[in-house]
Structures are given as C-alpha cells and as structure tokens.
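Peer 1: First, the structure itself, so that you have it in front of you.
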Amino acid sequence: MRKKVFLVAALFWSGVILFFCLENAKDIPQISLPYIDKFVHLVFHFVFTTLWFLYFKKRWNSSNYSNSLILSFGFSLVFGISIELLQQYVTLTRSADVIDVLANTIGASLAIISIILLNSYYRIIDKI
C-alpha cells in the first residue's frame, strides 16, 4: 500500500514541477525577492528526489538503499535538464537556464544528504 502512496505522491509532485516550469511565464505571479526562483527550483528537486527515493526504496523492498539513492538523484538530474530543454525549445515564454540546473542539482544533493544523515542517526529509512 505504501508503495502506491509513494508513487502517487512522486507522480503528483512531478506534475506540479512540470506545470510550474512549463506554464506561460507571464501567468506566474512575480515576487521581487532576489533568486527566489532558484530557491523554488532547489525545493522542487529536494522534494522530487525524496519522494522518488521513497518509492524506489519501497519498490525494491531492500535494506540496502544505495540503488534507490542513486536512481532518485539521477532521475532528478535528467528530469530537471529535460525541463530546461523543453523550456528552451517548446515554450515561447521560457528559456533554458544553467543556473536552474545547478539549483536543481543542489536540491537533489541536499535530499540525498538528508536521507543519509537521517538514516545514520535515526535509522528512519529502515522503518519505511
């Protein structure tokens, strides 16, 4: 049952990212905080990587979770780069940004580090 919940949550979050990253830029409210969009990318991919990790971990039902970490991190990178390419070549109001890819990578990296630290201190991953 948890596997399906994690899959639905990961797919939903992936859809949220797709929607906001491919939405017409003029339709998104503008907030005048410096680098807020980079912070949003970081949070998007932190959550994305965490949710996909939880799904992959449950899918393989393994106490060795390194494959799930690697796959969720790689998936986040590929997903983020793909969105940037879609912004550049498919949308009319968006363009690709290498700094967005960097923010995505930082968010995914922080998720992986958080998962490893939580597991090393609390063994939380083994309980999922």
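Coordinate-derived values only; no laboratory data. Computed from a predicted model, the values in this text were never measured in an experiment. Glycine also receives a Cβ, built like all others from the backbone with ideal geometry; neighbour counts cover every protein chain displayed.
Peer 1: Tell me which trypsin sites (Lys or Arg not before Pro) from segment 66-128 have a DSSP coil assignment and no more than 14 other beta carbons within 10 Å of their own.
Peer 2: 123
Peer 1: For the chain, modelled as a GNM with alpha-carbon contacts under 10 angstrom, which of 93, 49, 105 fluctuates the most?
Peer 2: Among 93, 49, 105, the largest mean-square fluctuation in the Gaussian network model of the chain belongs to 93.
Peer 1: Restricting to lysines 8 or more places apart or on different chains, can you count the pairs in segment 1-101 with Cα atoms under 28 Å from each other?
Peer 2: 5
Peer 1: With runs of 4+ DSSP H residues as the only contributors, calculate the mean residue ellipticity of the chain at 222 nm using -39,500 (n - 2.57) per run, divided by the residue total and rounded to the nearest 500.
Peer 2: For the chain, the value works out to -26500 deg cm²/dmol.
Peer 1: While we're on this one: In whole Hz and in residue order, list the ³J(HN,Hα) couplings for segment 38-50 that follow from phi through the Karplus curve 6.51 cos²θ - 1.76 cosθ + 1.60, θ = phi - 60°; x for Gly and Pro.
Peer 2: Once θ is set to phi - 60°, the couplings for segment 38-50 become 6, 5, 4, 4, 4, 5, 3, 7, 4, 5, 3, 5, 5 Hz.
Peer 1: Turning to a different aspect of this structure: Return the single residue from 111, 103, 25 with maximal mean-square fluctuation; model: Gaussian network over the chain, springs between Cα atoms under 10 Å.
Peer 2: Checking each option, the largest mean-square fluctuation is seen for 25.
Peer 1: How big is the dipole moment of the chain about its Cα centre under a simple scheme where the beta carbon of each Lys and Arg is +1, that of each Asp and Glu is -1, and everything else is neutral? Debye, nearest 20, please.
Peer 2: 720 debye
Peer 1: Continuing with this model, one more query. Using alpha carbons only, how many degrees (0 to 90, rounded to 10) separate the axis of helix 66-89 from the longest principal axis of the chain?
Peer 2: 10 degrees
Peer 1: Taking the chain as a Gaussian network, where each spring joins two C-alpha atoms under 10 Å apart, which residue of 13, 52, 60 fluctuates the most?
Peer 2: Among 13, 52, 60, the largest mean-square fluctuation in the Gaussian network model of the chain belongs to 60.
Peer 1: Here's something else I'd like to know. Treating the angle as unsigned and between 0 and 90°, give the value, to the nearest 10°, between the Cα long axis of helix 98-122 and the longest Cα principal axis of the chain.
Peer 2: Roughly 20 degrees, rounded to the nearest 10.
Peer 1: Report, please, the projected area of the chain averaged over directions, based on the convex hull of its C-alpha atoms, in nm².
Peer 2: Mean projected area of the Cα convex hull: 8.3 nm².
Peer 1: Alpha carbon centre of segment 95-128 versus segment 1-80: separation in Å?
Peer 2: 10 Å
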